[in-house]
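Structure, as structure tokens:
Read-outs throughout are calculated quantities, based only on the coordinates presented, and are distinct from any laboratory measurement. Only a predicted model underlies this, so the values are computations on that prediction, with no experimental measurement involved. In this analysis, Cβ positions are derived from the backbone assuming ideal geometry, glycine residues included, and neighbour counts consider all displayed protein chains.
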Amino acid sequence: MTLQIDRNIYSDNCISKVVYWLSNQYAISRYLEGKKELLVIEGACDEESFRKSFFEKLNDYKLREIIDAETKDIRTILYAKAFGDFDDITEEEITE
Amino acid sequence: MKRYALLPFNFTRISGKEVLINELGDMLITPIGSVQKIVDHSLDNEELYKSLVANFFISEELLPSLLDVYASRLRLKKSFLDDRTALHIFVLTLRCNQNCVYCQASSREENSIHCSMTPEMMETSVKLMFRSPSPSLTMEFQGGEPSLEPKIIKYGIELAEEINQQECRKLSYVLCSNCRSLSDELLQICKQYHVLISTSLDGPSCIHNKNRGREDSYEKTMAGIQKAREVLGHEYVSALMTTSELALDYPKEIVDEYVNDGFTDIFLRALNPYGLASDNEDWDKYNERFITFYKEALEYIIEKNKQGIFFREDYATIILRKMLTPYTTGFVDLQSPAGTVNSVLIYNYDGYVYASDESRMLAENGDFTFRLGKISDKYEDIVYGEKVRNMGKIWANEALAGCSDCPIRAYCGADPVRNHSTQGDMYGFRPSSFVCKKNKAIIEYIISLMIEREDEVMPIFRSWLR
């Protein structure tokens with residue numbers, strides 16, 4: 001079966017993560033054509049349920065990607081404060 | 001709602017709910033669709049908003065005023081790293097007086113020679129152990145059957161006590177024994193130095209004897225447990241079970257055996273693919289059946305607790321401690337960075353230091369990947385050597401494919417040794433990893449119980465943490 005994914009909506013990162021978790025069960029080939037990505041999946045029996053499950057996972061990874069992007073800096077500060085000697089980091093330094 | 005900033009968190013769906021988990025492992029159960037609303041900044045539920053702020057999922061300020069508290073709590077979760085290696089396993093011998101069908105330690109006949117630690121090796125190993133900066137040091141004696149070497153146990157403990165007069169560490173001792181031949185002399189040593197005995201009990205006699213390869217094994221073990229309890233005290237004897245294929249059909253009978261024998265806990269432990277156990281014909285099938293076994297046994301344990309019998313499952317307790325308390329656990333299999341070297345070192349009868357108990361088991365099959373050096377080598381060359389540095393690149397699940405974005409990462413760990421032994425490389429491939437599948441199944445099952453049967457299970461789970 002073939003899935004067509006709009007790369008304007010879903011990043012390479014998100015698609016790769018879904019493919020990673022499915023790669024133990026299916027052979028998946030990826031082809032980029034402009035802003036569309038085609039995924040050819042070998043081994044999927046129930047096409048409809050596969051498609052539904054795939055896009056559910058994709059949407060979850062997209063949400064996680066947004067959270068990661070928005071919290072990247074605070075996460076770095078958090079780990080630096082927890083495990084480094086950077087007690088004097090200020091809000092001004094972050095927002096610069 | 002006020003404008004807010006997101007804080008790092010991940011989410012999954014269990015039992016018709018969205019389960020949000022932050023960097024600390026704090027969990028929030030929310031209705032389906034909550035994450036989308038949080039990300040879209042379209043929250044319309046005041047109570048949920050307050051919970052998210054109070055539990056470090058969102059912040060009303062760009063830099064949360066309680067960030068220092070958050071950082072301190074994160075540091076506490078990883079505090080097992082502060083003191084370095086605390087558990088030091090001394091493999092005294094491969095000699096054994098049983099014939100366990102799943103022996104993971106490649107044990108040999110009781111009268112075998114050239115497979116035991118010499119006093120000189122013990123002396124060098126104990127001195128090396130004291131190079132660890134940890135304020136607490138646990139010497140754990142393993143085998144084979146370490147009780148066959150009482151003199152070397154006595155020598156090791158007495159030497160450690162002597163050195164400790166200068167070092168002033170908190171010393172503790174564990175003897176892992178099948179309890180078949182606990183001599184009066186050995187028990188007196190155990191009594192004098194408060195040695196905890198950790199024995200193996202696989203369940204009722206029909207299971208235990210078959211697993212252990214001797215018809216009198218159960219009888220001897222129970223007699224040994226009784227004798228040790230009389231000399232040392234009830235609380236100084238604990239037991240572990242290993243879930244053989246035979247045991248998979250008897251979850252209730254195994255729990256009943258432990259309850260009837262006066263134990264207050266059980267560790268439902270899956271087989272590890274080392275030694276004879278690695279010959280298991282169908283690991284996939286075993287793994288599936290183990291998860292079913294675990295759930296059935298845990299359900300039965302919950303029933304026991306509801307009847308007023310305090311009895312806990314240790315693996316679930318470790319996970320619950322990670323979920324419900326601010327503290328770390330000392331359990332090396334569920335640590336990130338991994339417990340290997342950071343929390344445990346092995347001093348083997350062959351004169352070498354290994355990264356973990358499983359590492360020395362691999363060595364018996366000719367795989368010396370995790371042999372870190374000789375016991376006579378410098379401490380720094382062992383724990384900061386090239387092998388450990390290479391492991392260090394891949395021993396944190398925060399930085400592993402498949403783990404880094406796993407919602408339940410905070411409750412799990414990294415295990416390069418297991419990855420190497422089961423998948424052929426230390427990095428590992430999560431989609432086909434049994435450890436990943438097992439941990440996910442068990443952790444998600446525990447969360448599902450907390451969601452679906454909160455009033456029933458939470459008082460029990462909390463009692464296990466006291």
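State which entries of B:K322/B:K378; B:K154/B:K374; B:K220/B:K295; B:K78/B:K393 exceed 25 angstrom in Cα-Cα distance in the structure shown.
On the way: B:K322/B:K378 35 Å; B:K154/B:K374 23 Å; B:K220/B:K295 30 Å; B:K78/B:K393 17 Å.
Distance filter (> 25 Å) returns B:K322/B:K378; B:K220/B:K295.
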Long-range Cα-Cα pairs in the protein assembly as shown (distance over 34 Å), rounded percent: 45
Under Karplus coefficients 6.51, -1.76 and 1.60, residue-wise ³J(HN,Hα) of the stretch B:33-44 in Hz, glycine/proline x: x, 5, 4, 4, 5, 4, 5, 7, 6, 10, 5, 10
Residue (of B:L137, B:S34, B:F311) at the positive-pole extreme of chain B, dipole from beta-carbon charges: B:S34
Proxy reagent accessibility, fewest Cβ within 10 Å first, across B:V388, A:V18: B:V388, A:V18
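Given a Förster radius of 25 Å and the C-beta distance between B:N365 and B:N390 as r, what FRET efficiency does 1/(1 + (r/R0)^6) yield to the nearest 0.05? Can you show the working numbers first?
Working: r = 21 Å, r/R0 = 0.83.
Efficiency at R0 = 25 Å is approximately 0.75.
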Value of [θ]222 nm, deg cm²/dmol, for chain B, DSSP H segments ≥ 4, -39500 (n - 2.57) each, nearest 500: -12500 deg cm²/dmol
Phi-based couplings in Hz for the stretch B:222-233 (Karplus 6.51, -1.76, 1.60; Gly and Pro marked x): 5, 5, x, 4, 4, 4, 5, 5, 5, 7, 9, x
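Report the calculated FRET efficiency for A:C45 and B:A401 (r = Cβ-Cβ distance, R0 = 25 Å), to the nearest 0.05. Don't skip to the answer; put the middle values down first.
Details: r = 27 Å, r/R0 = 1.07.
The value I calculate is 0.40.
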Separation in nanometres of the label points that stand 7 Å from Cα toward Cβ, at A:N24 and B:R229: 4.1
Cysteines (scope chain B) whose Cβ has no counterpart Cys Cβ under 4.7 Å: B:C96, B:C115, B:C168, B:C176, B:C179, B:C190, B:C206, B:C403, B:C406, B:C412, B:C436
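How high is the relative contact order of the stretch B:5-77, in percent, counting Cα pairs under 8 Å that sit 6 or more residues apart?
On the way: 73 pairs, mean separation 22.5, N = 73.
Answer for the stretch B:5-77 is 31 percent.
For an R0 of 56 angstrom, estimate the FRET efficiency from the Cβ-Cβ distance between B:K285 and B:Q165 and round to the nearest 0.05. All intermediate terms of the calculation are to be shown ahead of the outcome.
Numbers: r = 54 Å, r/R0 = 0.97.
The formula returns an efficiency of 0.55 here.
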Set of lysines with alpha-carbon distance to A:K57 below 17 Å, sequence-local pairs under 8 removed: A:K17, B:K17, B:K440
When the stretch B:126-212 is reduced to its Cα atoms, the Kirkwood hydrodynamic radius in Å: 14.1
Computed lengthening from B:A54 to B:T292, 0.36 nm per intervening residue step minus Cα-Cα distance: 82.0 nm
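Using the crude model of +1 on Lys and Arg Cβ and -1 on Asp and Glu Cβ, and no other charge, please compute the dipole size for the stretch B:81-358 relative to its Cα centre, in debye to 20.
Details: 27 positive and 42 negative charges, 118 e Å.
Charge dipole of the stretch B:81-358: 560 debye, to the nearest 20.
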The protein assembly as shown, dipole about Cα centre (Lys/Arg Cβ +1, Asp/Glu Cβ -1), debye to the nearest 20: 140
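With Kirkwood's inverse mean 1/r over C-alpha pairs for Rh, give me the Rg to Rh ratio of the stretch B:5-77, two decimals please.
Numbers: Rg = 12.2 Å, Rh = 12.7 Å.
Result: Rg/Rh = 0.96.
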